[in-house]
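Every read-out reported here was derived from the displayed coordinates using simple, explicitly stated rules and does not represent laboratory data. Keep in mind it's a predicted model, so treat the numbers as computed, not measured. Note: ideal-geometry Cβ built from the backbone for every residue, glycine included; neighbour counts use all protein chains shown.
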Amino acid sequence: MTAAEADMGGGVLREHEPMARHTSWRVGGPARLFYRPAGVDDLAAFLAGLDPDLPVLMVGLGSNLLVRDGGFPGVVIALQGALDRLVRVGPEGFEAEAGVTCARLARAAARAGLTGAEFLAGIPGTVGGALAMNAGAFGGETWAAVTAVQTIDRRGVLRWRDPSDFEVGYRRVVGPPGEWFVAGRFRYAPGDPAAAQARIRALLARRGATQPTRQPSCGSVFRNPPGDHAARLIEAAGLKGTCIGGACVSDRHANFIVNTGAATATDIERLIRHVQAQVEAAFGVRLEPEVRIVGVPS
Ligand SMILES: Cc1cc2nc3c(=O)[nH]c(=O)nc-3n(C[C@H](O)[C@H](O)[C@H](O)COP(=O)(O)OP(=O)(O)OC[C@H]3O[C@@H](n4cnc5c(N)ncnc54)[C@H](O)[C@@H]3O)c2cc1C
């Protein structure tokens, strides 16, 4: 490939694509290859033709992802803006492709007079990412509403699977190895459109009041340890406002690390390790990152 960008059966393939453009932290080195498929069939054909040794990273909106400054030495496949079909299934259901944003699914469910998806409105990721992470907020969790998922494997084979094929926990989903999500079917409870829309507004307002929503972040960096909150421990260790390079523990919400403008992935990862060490030294609790850290150091 001589050009930096090439059309492949409708999808777009780029070389050395800076991942800082595709993560909510706005940091990250280049993906050796970056592919945005034109649809599911195109994705299947692309995967089937791929060198089997090339590492693959499936991404949505990169809102829970730290890509190191040396980049990703394989192919990043980005589904947002690509697999974006959202259709009603029966009176209480929706089928959403993996690239549909969580906010769009939440709004569609509310407009349809369904309740249970409102929490998704403030999660700035895709359905694929929410399925991979079992994203949740304010008592709601993605998998609570899943009735089926469609997956694709390395050879491009598509399958519909039952939720019982997956082990689902707090921000943790383990399924058949080597498969990614391409769609999900969700069933919500009947409700009232105005009440669901009001709940979305209230939940977004709560986020605005407690989270640094105007600065690049990846949301909560650490998983909450059993029976406690990572934010409480980080604040109690006196770490609010601590910075390494351009990365700082938010003054607003201690479990957020924000990019103040010129942070590198190295700054952020060093700050993550610093927070882990300080909290462990103070309270004997080892915080585990919720954010996925991938790629090679610069
Ligand atoms: C301001 C802010 C607030 C947030 N609040 C919350 C919150 O309240 N609750 C919460 O749970 N999260 C929250 N997050 C984190 C994040 O939005 C969620 O984890 C979200 O589900 C990630 O979706 P994504 O599409 O951005 O995934 P990405 O960040 O692109 O990917 C995350 C992981 O999922 C994998 N993945 C992505 N797509 C697929 C796929 N199709 N198939 C298989 N694996 C895939 C990736 O490889 C990666 O390991 C917040 C983030 C931000 C920036």
* To do: Could you work out the mean projected area of the convex hull around the alpha carbons of region 176-298, in square nanometres to one decimal?
  => 11.1 nm²
* Asked: Which loop chymotrypsin sites (Phe, Trp or Tyr not before Pro) in region 147-189, with loop taken from DSSP, have no more than 16 other Cβ atoms within 10 angstrom of their Cβ?
  -> 170
* region 14-110: trypsin sites (Lys or Arg not before Pro) in DSSP coil with no more than 14 other Cβ atoms inside 10 Å -> 85
* Between residue 252 and residue 174, what length in nm is gained on full extension when 0.36 nm per residue of separation is reduced by their alpha carbon distance? -> 24.8 nm
* Cβ-Cβ FRET estimate between residue 228 and residue 194, R0 fixed at 35 Å, reported to 0.05 -> 0.40
* Structure fact -> Largest first and rounded to whole Å, the semi-axes √(5λ) derived from the alpha carbon gyration tensor of the chain read 30, 27, 17
* **Separation of the residue 111 and residue 296 label points, Cα + 7 Å toward Cβ, nm** => 4.6 nm
* Asked: So, in nm, how far is label residue 104 from label residue 41 when the simple model puts each one 7 Å beyond its Cα toward the Cβ?
  -> 2.0 nm
* Asked: Out of region 189-264, which trypsin sites (Lys or Arg not before Pro) are coil in DSSP terms and have no more than 10 other C-beta atoms within 10 Å?
  -> 214
* **Residue exposure sequence - 280, 167, 95 - by fewest surrounding Cβ within 10 Å** => 167, 280, 95
* Length added when fully stretched, residue 213-residue 162, from 0.36 nm per residue minus Cα-Cα -> 14.8 nm
* Structure fact -> With R₀ set to 51 angstrom, the calculated FRET efficiency between the beta-carbons of residue 155 and residue 270, to the nearest 0.05, is 0.85
* Would you kindly state how much longer the chain becomes between residue 12 and residue 288 on full extension, computed as 0.36 nm times their sequence separation minus their alpha carbon distance, in nm to one decimal? => 95.8 nm
